[in-house]
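Participant: First, the structure itself, so that you have it in front of you.
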Amino acid sequence: MMKFLMLILSVLCVNTMYSQDTSSGLSTNDEPIDFCGDMDNLKTFIGTSVKIRHNGGIYSKLNKGDYISFPNDSIKHLAGKDMWGDFYPQSGDTGVVISVSKSKYDEIIYVIKIDKYYVPIKCSYLVNISELSDDERWKLEYSKWEKERETYGKGECNFKKHNINNIYNRPGITEIDSISEDFACNLKNKGIDTIMLVKSIFHHHGPGCSVLDMVCVLWYDNDEGFLRYYSFNEEKKLIIQNQKLDWYDVIKYYRKKELNQNSEMPKGGSHLHNTVIQFYLGKEFFNCEYSWSYNKNDKKLEVTKFVEKVKKVINDR
């Protein structure tokens, strides 16, 4: 979203004179029952209970034409969304196979009955009722992912905790995350109390896949400032650099503006690039997130100015 739940959904479209719903759906090829096989065998499924894997394969207007053969005119009349009222078939719904036929484009279409509703659906969107639908699989994987995040974030170090103050910090998801978080938490465990973890995250290449991704750990030890810089080269090999760095002006600005979690936060406007800051200063913990934004007010906020100061210190190192 499995370390980071990222289900790749592909859109399955059919260009026909009738509209097919084109919601995204996972392609599954390992189903123990082949609902798209030889027609002579498929007719044996009539009367069998089945489950909708994903509702992207629903044909909601087939009752308006002669695209497939229906058992009778009465069922044909009822097999469309204009006759369903507030009902619409969902992933995980179960029903009974009423008929199966080939369209004039050689697609295999089933008509299943869910309660009192007749639903035409493409063969590849059906699974055995004992199998998981896409939504059920997603919920299962998300639950596993949540438990992994909970385990990863156990302890007193906030750098490894997920979504503190509803700010997405991508803890432990990729190599650059886990290595930098381990280092920052080890500093805290050694008694160092001025530590900042800065992440520049580019989402459009996938988590941890962009050469533009960058993570920095800044800290003070015995009044001396340091920086550890994590980045990728063009071959996507992780590079780690260490240096001394005076970043005390950032701390002075933070104190002067009395920033805290009650400070007004940027609303953000881009899902492609986020800068996330997590900051321990003594017993205080502050975190914030800034995305490139159309919102003019965001640029006037003290939190935004703080983020820009942090970025400038890093860029000018």
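Participant: If I go through segment 228-285 residue by residue, how many of them are more than 27 Å from the chain's Cα centre (by Cα), hydrophobic (A, V, I, L, M, F, W, C) and farther than 24 Å from Asp316 by Cβ?
Facilitator: Number of matching residues: 0.
Participant: Please find, within segment 116-150, the residue that is surrounded by the fewest Cβ atoms within 10 Å (Cβ to Cβ) out of those that are of a type in the set (S, T, N, Q) and out of contact with any Pro (no Cβ under 7 Å at 6 or more places or on another chain).
Facilitator: Only one residue fits best here, namely Ser130.
Participant: All but one of (1) part of a helix (DSSP H, G or I); (2) modelled with pLDDT under 95 hold for Ser180; state the number of the condition that does not hold.
Facilitator: Every listed condition holds for Ser180 apart from (2).
Participant: I need the full set of residues from segment 183-203 which are farther than 11 Å from Tyr230 by Cβ and outside any helix (DSSP H, G or I), in order please.
Facilitator: Lys190, Gly191, Ile192, Asp193, Thr194, Ile195, Met196, Ile201, Phe202
Participant: Just to be sure before I move on: is Gly25 assigned by TED's automatic domain parsing to the domain that holds Ile121, closer than 17 Å to Arg137 by Cβ, modelled with pLDDT under 95 and touching a helix residue (DSSP H, G or I) at 6+ places or on another chain (Cβ under 7 Å) in the structure I sent?
Facilitator: yes
Participant: Let me ask another. Take the conditions in a loop (DSSP other than H, G, I, E, B) and more than 30 Å from Tyr59 (Cβ to Cβ) and apply them to Pro171. Does it pass?
Facilitator: yes
Participant: Also, I was wondering about something else. Can you work out which of the residues in segment 90-115 that are at pLDDT 95 or above and on the phi > 0 side of the Ramachandran plot is nearest to the chain's Cα centre (by Cα)?
Facilitator: Among those that are at pLDDT 95 or above and on the phi > 0 side of the Ramachandran plot, it is Gly92.
Participant: I'm told Phe70 meets every condition in (1) of a type outside the set (Ser, Thr, Tyr); (2) surrounded by 18 or more Cβ atoms within 10 Å (Cβ to Cβ); (3) within 32 Å of the chain's Cα centre (by Cα) except one. Can you identify the failing condition by its number?
Facilitator: So the condition that Phe70 fails would be (3).
The values are calculated or read from the model by the stated rules, or taken from the named source; none is laboratory data. What you see is a predicted model, and the numbers here were worked out from it, not measured in a lab. In this analysis, Cβ positions are derived from the backbone assuming ideal geometry, glycine residues included, and neighbour counts consider all displayed protein chains.
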